[in-house]
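The values are calculated or read from the model by the stated rules, or taken from the named source; none is laboratory data. All values derive from a computational prediction rather than experimental measurement. No Cβ is skipped: glycine too gets one built from the backbone with ideal geometry, and neighbour counts run over all protein chains shown. Ligands, DNA and RNA are stripped out before the accessible areas are found, and what is left, the full protein with its side chains, is counted by its heavy atoms. Shrake-Rupley method; radii C 1.70, N 1.55, O 1.52, S 1.80 Å.
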Amino acid sequence: MSSDFEAYEQDFGTVTAEVTNKIGRIPKLSGEEKTQLVLNVDKQLEEVRELLEQMDLEVREIPVQSRAMYNSRLKSYKQEVEKLEKDFQKRSRIAYSDEVRNELLGDDASSSESQLIKLREERAHLLDNTERLERSSRRLEAGYQIAVETEQVGQEILSNLHTDREKIQRARERLRETDANLGKSSRILTGMLRRIIQNRVLLFVLGAFIVLTIILAIYFNLRGH
């Protein structure tokens, strides 16, 4: 971005140098030549203002830590343009007065004056339209920036939702695995408990049989005596 600013800066220096030279020549000319030079300077001053606008936009894109230096340079350029415009207006008024004084010399001066006034009115109208377009452009640019930021936020939210969904799905899978493991453990424990009960029943039956055998043996032994 700073390279773009410096490129506009070079163009600014070249154009302002030409404007300064031409403004100094205005009082030395007369008639149609003077009118054409005034119009040419007016056009170049508009070009200078456009360069200032471009530099201003570039400064906004420069990182904050470096922006102060470029803002200072831009401010000095704006002051320089203000001085040029004041000098131009002053010398243009002098040129206009010269044309008025030349009214007595013929119709050429009156024609030049009318043309100059008409062109100034057209320029004012064009400047007004240009300012409106620039304001609309800035609003559109700001709206576009907000839309881009909103889109980025939306993408981040969607990404976070997708990540959360994957986490939930993994948690559900772990719960299913845990449920399956618990089911297997429950069946194993049930089987073990069943076998323990069966073993105890068998031991009880075996014990009862042994006791009954002993009792019967004692009984028959006593009966035989």
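Kindly check whether there is at least one residue in the stretch 133-142 that is in a helix (DSSP H, G or I), of a type in the set (A, V, I, L, M, F, W, C), open to solvent by 100 Å² or more (accessible area, probe 1.4 Å) and at pLDDT 65 or above. Talk me through it step by step, then tell me what you get.
Here is the first cut: in the stretch 133-142, the residues in a helix (DSSP H, G or I) are 133-142.
Retained after the next criterion (residues that are of a type in the set (A, V, I, L, M, F, W, C)): 133, 140, 142.
Checking the rest, the ones that are also open to solvent by 100 Å² or more (accessible area, probe 1.4 Å) come to 133, 140.
Within this subset, residues satisfying the condition of being at pLDDT 65 or above are 133, 140.
Checked against the condition, which is being in a helix (DSSP H, G or I), of a type in the set (A, V, I, L, M, F, W, C), open to solvent by 100 Å² or more (accessible area, probe 1.4 Å) and at pLDDT 65 or above, the stretch 133-142 yields at least one hit.
Listed by first and then second residue, the pairs with beta-carbon distance under 7 Å, at least 6 apart or on different chains, first residue in the stretch 20-43 and within 16 Å of residue 87 (Cβ to Cβ) and among the β-branched types (Val, Ile, Thr), second modelled with pLDDT of 85 or more and open to solvent by 30 Å² or more (accessible area, probe 1.4 Å), are 23/87; 41/22.
From 14, 20, 35, which residue is assigned to a helix (DSSP H, G or I) and buried (at least 18 other Cβ atoms within 10 Å of the Cβ)? Testing whether each residue is assigned to a helix (DSSP H, G or I) and buried (at least 18 other Cβ atoms within 10 Å of the Cβ) leaves just 35.
Quick check on residue 210: is it at pLDDT 85 or above and among the β-branched types (Val, Ile, Thr)?
Details: at pLDDT 85 or above: yes; among the β-branched types (Val, Ile, Thr): yes.
Against the criterion (at pLDDT 85 or above and among the β-branched types (Val, Ile, Thr)), residue 210 qualifies.
If the condition is being surrounded by 12 or more Cβ atoms within 10 Å (Cβ to Cβ), more than 15 Å from residue 12 (Cα to Cα) and of a type in the set (A, V, I, L, M, F, W, C), then the stretch 60-85 contributes 62, 69. If you go through the stretch 69-82 and keep only what is free of Cβ contacts under 8 Å to residues at least 12 places away in the same chain and over 16 Å from residue 3 (Cα atoms), you end up with 72, 75, 76, 79, 82. Of the residues making up the stretch 144-151, none is at pLDDT below 75 and closer than 30 Å to residue 38 by Cβ.
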